[in-house]
Amino acid sequence: RALADPAVVEANLAPAPDVATFLRESRASFAAAAAAGLAPYRLHYNGQLADSGGGGHLTLGGPTPECSPFLTQPHLLPALLGYFNRHPALSFLFATDFVGRSSQAPRSDERTADVFQEFGLALALLKRQRNPTPDLLWRSLSPFLADPSGNPHRTEINIEKLWNPHLPGRGRQGLIEFRAFRMPPSPERLAALAALLRAIAAMLVRTPDFPAPVRWGPELHDRFALPFYLRADLWDVLDELASTAAGALPRGGAEA
């Protein structure tokens, strides 16, 4: 008899105040899924191990919209968008099998050249603003964080719930969702990705200045389709994080 294709069950974890709590709750969630006969992976017909088919989306924000770092530090979001632009490993290394402008989470520079030029202009103008309001942030950036059809849900960095007046009751929460991540095979790897995103955000709060976006062109897919360049780029990210952390330590070495 024929067997139905495996479906995907979506589970949304409650907000966690820190990575340790997130790891503990993720372990409990993975254990409950395993007890129900579910797994964070699937097997292709040729036996190849793949992700579950869903996404391992991660969301950053604050306990309240007013406490969201993306609103209290209004230059953080433009800096974050510029940082992801400069480091394609964050877009592709942990992504699903399908990437690019027709995927579920296209990058802002995978659209047309004129859209990318306008995106760069929007970032440059926001950089001139001393304290851009949440409304200005959302109106300035939301047109560029969408797929080629204009769907704002299908984008690498989703700001639908940042300060969106068109989603009553849930659009103004100061939240940023990262949609380019595949479902990790373990809670430890999921927590590691959350720690990486939090560390990048913390680094950019300290150093919010950023250069103009890079127009990668064909190099984006030609070079960063290769694991060597993705890993090298990730090491650049980790080196930057380490350098920033070292600069934050008090004189005399490690923290007490």
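The values are calculated or read from the model by the stated rules, or taken from the named source; none is laboratory data. Predicted model, so just to flag it, every value in this text is computed and none were measured. Cβ: placed from backbone, ideal geometry, glycine included. Neighbour counts: every protein chain shown. Each accessible area value is taken on the protein alone, full model and side chains, heavy atoms only, with ligands, DNA and RNA left out. Shrake-Rupley method; radii C 1.70, N 1.55, O 1.52, S 1.80 Å.
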Of all residues in the range 23-37 being without any contact (Cβ under 8 Å) to a residue 60 or more places away in the chain and of a type outside the set (Gly, Ala, Ser), the one that is surrounded by the most Cβ atoms within 10 Å (Cβ to Cβ): Glu25
Selection within the range 180-226 - assigned to a helix (DSSP H, G or I), free of Cβ contacts under 8 Å to residues at least 60 places away in the same chain and either in contact with a strand residue (DSSP E or B) (Cβ under 7 Å, 6 or more places away or on another chain) or farther than 17 Å from Phe84 by Cα (or both): Arg189, Ala192, Asp222
Single unsatisfied condition, Glu188 versus (1) surrounded by 15 or more Cβ atoms within 10 Å (Cβ to Cβ); (2) at pLDDT 90 or above: (1)
Strands (runs of 3 or more DSSP E) (entirely within the range 15-125) containing at least 2 residues that are among the aliphatic types (A, V, I, L, M): 49-51, 58-60
Any hit, the range 119-139, residues being touching a strand residue (DSSP E or B) at 6+ places or on another chain (Cβ under 8 Å) and buried (at least 22 other Cβ atoms within 10 Å of the Cβ): no
Hey, Leu76 under 23 Å from Phe210 (Cα atoms), surrounded by 20 or more Cβ atoms within 10 Å (Cβ to Cβ) and touching a helix residue (DSSP H, G or I) at 6+ places or on another chain (Cβ under 7 Å) or not: yes
Near pairs, Cβ below 7 angstrom, 6+ apart or cross-chain, from the range 38-65 (open to solvent by 40 Å² or more (accessible area, probe 1.4 Å)) to any residue that is part of a loop (DSSP other than H, G, I, E, B) and among the hydroxyl-bearing types (Ser, Thr, Tyr): Tyr41/Ser52; Arg42/Ser52
